[in-house]
Amino acid sequence: MTPPAFEAVIFDVGGVLVESPFESGLRWKEQHDIPDEVMMVMFREYAAVPEPGTEPPMWHRVEVGEVSLDEFMDSMRAEFSRVLPPGHPAHDLRAADFNVFENAGAHWQIVHEVRRLREAGVATAILTNNVREWADWRRVIPLGWFDVVVDSCRVGLRKPDPEIWRLTLGELGVAPERAVFLDDHPLNVEAARALGMTGLDVGSDLESVVTELRRLVPVRG
């Protein structure tokens, strides 16, 4: 068998291997009757890009393990007072109430591609921005199918910092141009491409993602 041109495929978690945290967040919103105003307050920091030398948003600090989810929720409750009337139940939200991966399901179309790649000798890895308290995703997918797992809250780095890709590639022992990276956030895909990797944007059409991945890494199995 002719070896594939790529030696490794690196997968994001939320929105790629498992349900998007934004989709899970909408379900969480309905379950807890969370107003739109509160959702905007909680998620507005996710995609923020701080200027060099400035303090990163608190959510970024949660994802690199510097701040606990409890501390984040304490801060959010202070923000809620600006958008919610007194007595609204969202004022009482705690970290234990906020877990977007609690009931998230796997994207098995993508997960089964991991097995296909591994069986063909292609290295596989997870590279995720995640929260220490949101470890439920680790029980949803077979972690044994991955050679390397890099979690932002455990390594103190987060995407799109290029150092977290360098760390992942270093653990794999693979050069950037020999790796494919899948993520549902365009900023992260762009950052991976800037390092010389081949990046795939993952949207709601997972079948098209599988088709493109198989085109890029055409192995049997």
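The values are calculated or read from the model by the stated rules, or taken from the named source; none is laboratory data. What you are looking at is a predicted structure, and each value in this text was computed from that prediction instead of being measured. Counting neighbours? That spans all protein chains shown, and the Cβs are built from the backbone with ideal geometry, glycine included.
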_Any residue that is assigned to a loop (DSSP other than H, G, I, E, B), free of Cβ contacts under 8 Å to residues at least 60 places away in the same chain and not hydroxyl-bearing (Ser, Thr, Tyr) - is there at least one of those in region 114-123?_
no
*Conditions (1) loosely packed, with under 15 Cβ neighbours inside 10 Å; (2) under 21 Å from Ser20 (Cβ atoms): number failed by Gly173*: (2)
*Looking only at region 18-35, decide whether some residue is within 17 Å of the chain's Cα centre (by Cα), under 21 Å from Arg154 (Cα atoms) and among the acidic types (Asp, Glu).*
no
*Here is a list of conditions, (1) surrounded by 15 or more Cβ atoms within 10 Å (Cβ to Cβ); (2) modelled with pLDDT of 95 or more; (3) in contact with a Leu (Cβ under 8 Å, 6 or more places away or on another chain); (4) not in a loop (DSSP other than H, G, I, E, B), and Trp137 meets all of them except one; can you say which number that is?*
(2)
*Could you pull out the residue among Ala106, Ala47, Ala123 that is at pLDDT below 85 and closer than 30 Å to Arg178 by Cβ?*
Ala47
_Just to be sure before I move on: is Ala123 aliphatic (A, V, I, L, M) and touching a helix residue (DSSP H, G or I) at 6+ places or on another chain (Cβ under 6 Å) in the structure I sent?_
yes
*Where residues in region 20-57 are small (Gly, Ala, Ser) and farther than 18 Å from Asn103 by Cβ, which of them is surrounded by the fewest Cβ atoms within 10 Å (Cβ to Cβ)?*
Gly53
*Could you tell me whether Arg61 is closer than 23 Å to Gly156 by Cβ, outside the structural domain of Val209 (by TED's automatic domain parsing), surrounded by fewer than 18 Cβ atoms within 10 Å (Cβ to Cβ) and not small (Gly, Ala, Ser)?*
yes
*Failed item, numbered, when Glu207 is tested on (1) under 28 Å from Glu66 (Cβ atoms); (2) part of a helix (DSSP H, G or I); (3) of a type in the set (D, E, K, R)*: (1)
*So which pairs qualify, if the first residue must be in region 163-186 and assigned by TED's automatic domain parsing to the domain that holds Thr198 and assigned to a strand (DSSP E or B), the second must be surrounded by 14 or more Cβ atoms within 10 Å (Cβ to Cβ) and hydroxyl-bearing (Ser, Thr, Tyr), the Cβ gap must be under 6 Å, and the two must be at least 6 apart or on different chains?*
Val180/Thr198
